[in-house]
Structures are given as C-alpha cells and as structure tokens.
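Since the structure comes first, as structure tokens, the remarks are kept for the end.
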Amino acid sequence: MIKVKNLHKYFKDLHVLKGIDLEVKSNEVVVMIGASGSGKSTLLRCLNFLEMKDKGEIWFEDKEIDPDKVKLNKVREDIGMVFQHFNLFPHKTVIENIIEAPTIVRKIPKEEATAKGMELLEKVGLADKAQVYPEKLSGGQKQRVAIARALAMNPRVMLFDEPTSALDPELVGEVLQVMKQLAEDGMTMVVVTHEMGFAREVADRVVFLESGVIAEENTPEEFFTNPQNEKAKQFLRNVL
Amino acid sequence: MSQFMDSLLSTVSGFSQAALVTLQLTIVSLIIASFIGLIVALMKLSNTKPLNWIANIYIGIIRGTPLIVQIMWLYFGITQIVVLSAFWAGSIALAIHSGAYIAEIFRGAIQSIDKGQMEAAESLGMTKRQAMFRIIFPQAFKRSIPPLGNQFIIGLKDSSLVAFIGITEIFNLSMSQAAATFRQLEFYTIAGVYYLILVVIFTIIVNKIEKRLDTGRA
C-alpha cells in the first residue's frame, strides 16, 4: 500500500529523517513510537505530503508519488489523517464538518453525503451531536468526529498523528476504542502514539524511531518483551 | 446656548444634505477600500515575490504620508488625466487610503487562523483554493469584523478631509458657514454633533453584526 525508500527530510540545517525505508501493507496496522524529536510525526506527515521530502521515494499503491508531477490533493483524497489537535472546522457543525470534503472534493450530493455521514457518526457513537458546533464537544468527542470526517472520504489508509496526546486521560479510552474497531474492520493504519497498550494490542508491527532512523522494526510481542535495540530498551524502561 | 440651538435647528436641512454626502462618500470609499484591502492582503500572503513587493510599497507609501497630501495629490493628479467629479476623486482617494489599513486587517485575520485548519482541509483532498474560500476566509472574516468596524469609523471621520477639494459634506459646509457668519465655534460644534451622530449609528450597526456572527461559533 505504502512504500518509503531512503527518505530524507531537513528542517533548515536539522537533518530530521536520515534515510527511512518502510513498507505498509494493506489491512496492516503499523504503530510508530519513539521519543519526541525522533522524527516519527515528520515521517507520518511526509506520507501525505504535508511535509515535503527532500530526498527519497514515496510509493502509494504501486505508483511513485512525485509532488512535481501529480496533483497532491488527488493523492490526499485517498489518505485520511487524524491530528493531535483535531483541527475540526469551528464554523461548521459536526455533520457539516463531515460532509465538507465529500461534497466539495468528491462532488457527492448533499443528501447522500449526509446519510453516509450520519452512519459514520453512529459508528463513533455521536449521532446525537450532528447539529452541534465543535466547541460544544469534549476533546474525546472532537477526535471521534475528526476520525469520522476522515473516514467520510473512504480513504485507503488512515494516518494518526498522536491522536490521544491532547486528551484528558479519562477521554483517551473512547478514541482508542474507535481506532481499535477500525483496525478490526481491516483499515490500513499508520499510527504515531505514546499509548503503549494500544500498540501492543492492536499493532501488527511496531516501528521504533530514534534520531531520524528506524532503530527497530518488530512484532509488538517481540518489541515489548524482548527489544533488540539498546535505545529501544532504554525508551521502554522510561515509558513502561 | 439658545442661540446655538437656533443655529443648529435653522441649518438642519443644509447639514442633513451635507451629512448625506458624507455618508455616500464613506460608504462608496469603504466598499472600494474593502476590495482593495482583500486583494492587497492576498498579494502580501502570496508566494510570488513581486506581488509582495507591490503590496508592501503601496502600504508603505499610504501609511507613510498624510491623508490630506494623498487627497490633494490624487485629486490634482487624477483629474489631469481623466475627467472626474470631485466626489469620485475624493471617494477614490479615501478608498486608496483605507485600503492599505484594511489590507493589514485582512492579512492579520487570515494569518491568525491556526495552520492546522489548512492542513486538515488539505489532508481531506481540498485544493488550496477550496480550503481558502471554504475554511480559512469565513473564519478570518469573522475575526476581522471588530478591527474592520473600527477602521470604518476612522474612514467616516477621515472623509472630512475632502472638504478641501470642495465637496460639500459636513465639514466643508461648517467651514463656509463659519466664514460667512464669523460664528466659528458654533458651526464647528454643529459639525462635531453630526459626526458624532453618524459614528454612533455606525457603532450600533457594527455591534449588531458582531453579535449576529457570534451565535454558537468559535
């Protein structure tokens, strides 16, 4: 589904990603973990070109994506993204947030998009909030709406950028529950998170980043019980 | 005091006419100024360097010179090239002046929108243009209403300066009345009263708009 080859990214003089090779297969859940500044969020944002790579290749469904040759908005239609700070549109109601892209980008009729949107709201348990503005929602509810909004475009893959890091601890569970359900439904997912429990339970593969390189790539079982990399061992000692 | 009231009442028809001219000048110039402001704000935010330069030079010159100089310069400049009534020359001069300040208001409002909004819109497959028009502008416009209202009130009062190119608006009329009667204090006070009334009306309208746009939305 997604292939990354020798990816490099600089912020001015700072070399953030130093040659990343990564493959994500269909229906796979890949969880990326690492200390802050390790480059995991940057890597995720490179996948849908919110950050532009400086070197290397990014392949999506057996086609290399060259930002100079293809329309990036077309590529992004099939790649859903969920942000740490939700980024819901505050001037639109919950249902308007959800049908915005389907109606404007995919040109789906409003009634059809609304029906689909209500289904998705049902799925994340927020059908009763359809007509509410985002400011009236809790953080956990906002993030569930943001997930529904991304799903409304029928993406082939979903990217999650620390989706629970901005939430109060008691609201983390409801968001992880929705993500777990999504994984069980077979969605291809790339997740940057600090939720080790989620990584262990839901991930098919764990990718550990350290200083801009993939220091270890392993099954969750192996990674959490018997990490190979010295930095990974240290990281796990600190967070577990 | 009673003499002042007499003067105030006896000149109502003349000053009402003049107030109407002030209002027309203000509204026409601010509508044009808002268009100028929007275009210049977009030029300033554009990634094309020459557009940035043009916008910066325009704003620099307008902010760096007095309005009265701009009015005189444009009036005597424009009317040498095209035939233009004093009203339109004055309106255009006021519009070009306010446009620079309105551009900065729009630019600030657009830049104040969290960049996560653009990222979210783009991540959903929207083009930059779609994201701008549907996500960024509506939020930015709302945020620009309070400073815009303030700028409109400044524009209303600044319109008094076109008195010097011979448009019979409030200030021009009070100058000629003062000169004719030698009752300067009286007629400049009357001018102040009319401006105050207009500003109060403007303020009420701006507050109403602000309130209406605020219902339940961040």
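Some points to look at:
- The distance separating the Cα centre of region A:72-146 from that of region A:1-62 comes to 26 Å.
- Here's how it looks for residue A:214: its modeled amide H is under 5 Å from those of A:21, which are all 5 or more places away or on a different chain.
- Evaluating 6.51 cos²θ - 1.76 cosθ + 1.60 at θ = phi - 60° for every residue in region A:102-115, the Karplus couplings come out as x, 6, 7, 8, 8, 6, 6, x, 4, 4, 4, 5, 5, 4 Hz, glycine and proline recorded as x.
- Sequence-distant aspartates and glutamates (8 or more away, or on other chains) whose Cα lies within less than 20 Å of residue B:44: B:104, B:114
- Where the Cα pairs of chain B fall when distances are cut into 5 Å bins, in %: 1, 7, 12, 15, 16, 14, 11, 9, 6, 4, 2, 1, 1, 0, 0
- Among beta bridges that DSSP assigns inside region A:2-239, antiparallel share in %, nearest 5: 55
- Sequence-distant contacts, meaning Cα pairs under 8 Å at least 6 residues apart, place the relative contact order of chain A at 27 percent.
- Summarising the amide proton neighbourhood of residue A:157: residues at separation of 5 or more, or on other chains, whose placed amide H is nearer than 5 Å comprise A:80.
- Distance from region A:158-197 to region B:152-210 (C-alpha centre basis), Å: 62
- When the accessible areas of A alone and B alone are added and the area of the pair subtracted, with a 1.4 Å probe, the result is around 2100 Å², both sides summed.
- Reach of residue A:142 by Cα under 21 Å, taken over lysines that are not fewer than 8 positions away in the same chain: A:92, A:116, A:123, A:129, A:180, B:115
- Rg over Rh [alpha-carbon atoms, Kirkwood Rh] for region A:87-194: 0.94
- Mean ellipticity per residue at 222 nm, deg cm²/dmol - from DSSP H runs of n ≥ 4 across chain A, formula -39500 (n - 2.57): -11000 deg cm²/dmol
- Cβ-derived FRET efficiency at R0 35 Å, residue B:45 paired with residue A:240, nearest 0.05: 0.15
- Average Cα contact separation per residue, region B:35-112, under 8 Å, 6 or more apart, as relative contact order %: 49
- For region B:13-89 versus region B:94-140, the spacing of their alpha-carbon centroids is 22 Å.
- Assuming charge only on the beta carbon of Lys and Arg (+1) and of Asp and Glu (-1), the dipole of the protein assembly as shown about its Cα centre is about 1140 debye to the nearest 20.
- Amide H contacts of residue A:56 (H built 1.01 Å from N, in plane; Pro and chain starts excluded): A:8 sit under 5 Å, all sequence-distant by 5 or more or on other chains.
- Entries in A:18/A:233; A:53/B:142; A:9/A:69 that, when Cα-Cα distance is taken, lie over 25 Å: A:53/B:142
- What the protein assembly as shown shows is 48 Å² of accessible area per residue, with the surface traced by a 1.4 Å probe over protein heavy atoms.
- Calculated FRET efficiency for the pair residue B:81/residue B:208, C-beta based, R₀ 56 Å, to 0.05: 0.85
- The dipole here belongs to region B:2-217: it is taken about the Cα centre, uses +1 on the Cβ of Lys and Arg and -1 on the Cβ of Asp and Glu, and is about 740 debye.
- Kirkwood hydrodynamic radius (C-alpha pairs) into Stokes-Einstein, chain A, 20 °C and 1.002 mPa s, D in µm²/s: 116
- Dividing the convex hull volume of the alpha carbon atoms of the protein assembly as shown by its residue count gives 202 Å³ per residue.
- The 3J(HN,Hα) values that the Karplus relation (6.51, -1.76, 1.60; θ = phi - 60°) gives for region B:147-153 are, in residue order, x, 5, x, 4, 5, 5, 5 Hz. Gly and Pro appear as x.
- Phi-derived couplings, Karplus 6.51 cos²θ - 1.76 cosθ + 1.60 at θ = phi - 60°, listed residue by residue for region B:100-113: 5, 6, 5, 4, 5, 5, 5, 4, x, 5, 5, 5, 7, 6 Hz, with x used for Gly and Pro.
- Once the C-beta distance of residue A:14 and residue A:222 is scaled by a Förster radius of 35 Å, the resulting FRET efficiency is 0.65 to the nearest 0.05.
- Ligands, DNA and RNA excluded, the heavy atoms of residue B:6 present near 100 Å² of accessible surface to a 1.4 Å solvent probe.
- Each of B:159, B:85 has its accessible area taken with a 1.4 Å probe; listed largest first, they run B:85, B:159.
- Electrostatic dipole magnitude of region A:2-239 [Cβ: Lys, Arg +1; Asp, Glu -1; Cα centre; debye, to 20]: 620
- Ordering B:1, A:228, B:205 by Cα displacement along the dipole of the protein assembly as shown toward the positive end leaves B:1 in first place; charges were set at the Cβ atoms of Lys, Arg (+1) and Asp, Glu (-1).
- Farthest toward the positive end of the dipole of the protein assembly as shown, out of B:31, A:148, A:213, is the Cα of B:31, where the dipole comes from beta carbon charges about the Cα centre.
- Dipole-positive endmost among B:167, B:106, B:21 within region B:2-217 (Cβ charges, Cα centre): B:106
- Relative contact order of region A:50-172: 37 percent, from C-alpha pairs under 8 Å at least 6 residues apart in sequence.
The values are calculated or read from the model by the stated rules, or taken from the named source; none is laboratory data. This one's a predicted model, so the numbers in the text were calculated from it and none came from an experiment. Because the Cβ atoms are built from the backbone with ideal geometry, glycine has one as well, and the counts that use them run over all protein chains shown. Ligands, DNA and RNA are stripped out before the accessible areas are found, and what is left, the full protein with its side chains, is counted by its heavy atoms. Shrake-Rupley method; radii C 1.70, N 1.55, O 1.52, S 1.80 Å.
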